[in-house]
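See below for the structure under consideration.
The values are calculated or read from the model by the stated rules, or taken from the named source; none is laboratory data. This structure is a prediction, so every number in the text was calculated from the model and none was measured. Ideal geometry is used to build each Cβ from the backbone, glycine not excepted, and the neighbour counts take in all protein chains shown.
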Amino acid sequence: MSDQIGLKILGVESAAEIDGAQHLTINTTRGPIPMIFHPASEPNRAALCVSGAIGGVDGPSKLYPRLGRELPGAGIAIARIDYRAPNEFGECILDALAGLSFLRAFHYGRAALIGHSFGGAVAINAGTLAPIITTVVALSSQLAGAHVVAELAPRPLLLVHGTADTILPHESSEAIYQRAREPKTLKLLAGADHRFTGFSEELYKTVSAWLLDKV
């Protein structure tokens with residue numbers, strides 16, 4: 001695997017396989033990165049999922065595990081990483097880049113980045129740095145750290161935000177949308193909160209359809 005900015009991959013350890021998902025650790029010069037990997041039958045397309053400031057691997061309304069269960073059969077592998085140092089923005093970007101390095105090493109040549117909340121800005125930043133990226137999806141994203149969003153073009157950007165989000169108001173995604181260049185899409189879910197409580201089905205359909213079309 002190749003070096004990343006300020007971080008070198010040392011190897012990958014496998015802990016277990018549960019329901020077809022591989023529980024792995026990416027060992028790096030800056031510490032271990034936990035990952036749950038749902039491989040596709042034919043390596044080519046993938047999506048890397050990152051979470052909010054407190055970390056985790058499930059995403060909003062358990063979106064990431066569902067993507068992992070359902071999209072590999074359609075030819076898109078799903079990788080879910082946890083941060084080494086949650087809420088440390090630069091370190092979390094490095095974690096995302098390490099996850100993308102893992103995908104490249106296993107012959108995934110096209111990938112999406114999906115991030116929620118704090119992770120939306122992580123995904124936007126990492127997406128500008130990795131040639132493997134074909135699209136970025138930012139869910140309930142924070143505006144802080146997303147100033148580089150214009151550099152994503154011509155890769156398409158999807159922003160999804162609930163109008164009832166009291167943690168990061170939907171104006172955050174609207175501001176990101178204004179700063180982004182085409183192609184870009186903003187979808188506001190009326191009445192949805194920060195974690196899309198009660199909107200899991202609509203969220204899944206929106207994100208999965210986007211990935212199948214854009215990766």
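Listed values, structure above:
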quantity: Pairs, first assigned to a strand (DSSP E or B) in the stretch 119-140, second of a type in the set (Ser, Thr, Tyr) and modelled with pLDDT of 95 or more, C-beta under 8 Å, six or more apart; calculated: Ala138/Ser173; Leu139/Ser117
quantity: Set Ala79, Ala53, Ala16, Ala85: member being small (Gly, Ala, Ser), in contact with a Leu (Cβ under 7 Å, 6 or more places away or on another chain) and either surrounded by 14 or more Cβ atoms within 10 Å (Cβ to Cβ) or assigned to a strand (DSSP E or B) (or both); calculated: Ala79
quantity: Cross-chain or 6+ apart pairs with Cβ under 6 Å, the stretch 160-184 first and closer than 10 Å to Ser140 by Cα, then among the basic types (Lys, Arg) and surrounded by fewer than 20 Cβ atoms within 10 Å (Cβ to Cβ); calculated: Val160/Lys187
quantity: Some residue of the stretch 73-84 being over 21 Å from Ala16 (Cβ atoms) and acidic (Asp, Glu); calculated: no
quantity: Qualifying residue in the stretch 180-193 (condition: of a type in the set (Asp, Glu) and assigned to a loop (DSSP other than H, G, I, E, B)); calculated: yes
quantity: Check on Ser101, farther than 22 Å from Ala144 by Cβ and free of Cβ contacts under 8 Å to residues at least 60 places away in the same chain; calculated: no
quantity: The one condition in (1) closer than 16 Å to Val136 by Cβ; (2) in a helix (DSSP H, G or I) that Gly90 fails to fulfil; calculated: (1)
quantity: Check on Ile33, of a type in the set (A, V, I, L, M) and within 14 Å of the chain's Cα centre (by Cα); calculated: no
quantity: Residue match in the stretch 160-180 (condition: closer than 15 Å to His116 by Cα, among the polar types (S, T, N, Q) and crowded, with 16+ Cβ neighbours inside 10 Å); calculated: yes
quantity: Checking Met35 against (1) in contact with a His (Cβ under 6 Å, 6 or more places away or on another chain); (2) of a type outside the set (Gly, Ala, Ser); (3) assigned to a strand (DSSP E or B), the condition it does not meet; calculated: (1)
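Table: residues versus (1) surrounded by 16 or more Cβ atoms within 10 Å (Cβ to Cβ); (2) basic (Lys, Arg); (3) closer than 20 Å to Ala79 by Cβ.
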{"site": "Ala105", "(1), (2), (3)": "no, no, yes"}
{"site": "Ile114", "(1), (2), (3)": "yes, no, yes"}
{"site": "Ile124", "(1), (2), (3)": "yes, no, yes"}
{"site": "Leu152", "(1), (2), (3)": "yes, no, yes"}
{"site": "Arg155", "(1), (2), (3)": "yes, yes, yes"}
{"site": "Leu203", "(1), (2), (3)": "yes, no, yes"}
{"site": "Leu211", "(1), (2), (3)": "yes, no, yes"}
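Residues are listed down the side, and each one gets a yes or a no for (1) modelled with pLDDT of 95 or more; (2) within 18 Å of the chain's Cα centre (by Cα); (3) within 24 Å of Ala96 (Cβ to Cβ):
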| site | (1), (2), (3) |
| --- | --- |
| Leu129 | yes, yes, yes |
| Ala138 | yes, yes, yes |
| Leu152 | yes, yes, yes |
| His161 | yes, yes, yes |
| Asp165 | yes, no, yes |
| Tyr177 | yes, yes, yes |
| Asp193 | yes, no, no |
| Thr197 | yes, no, no |
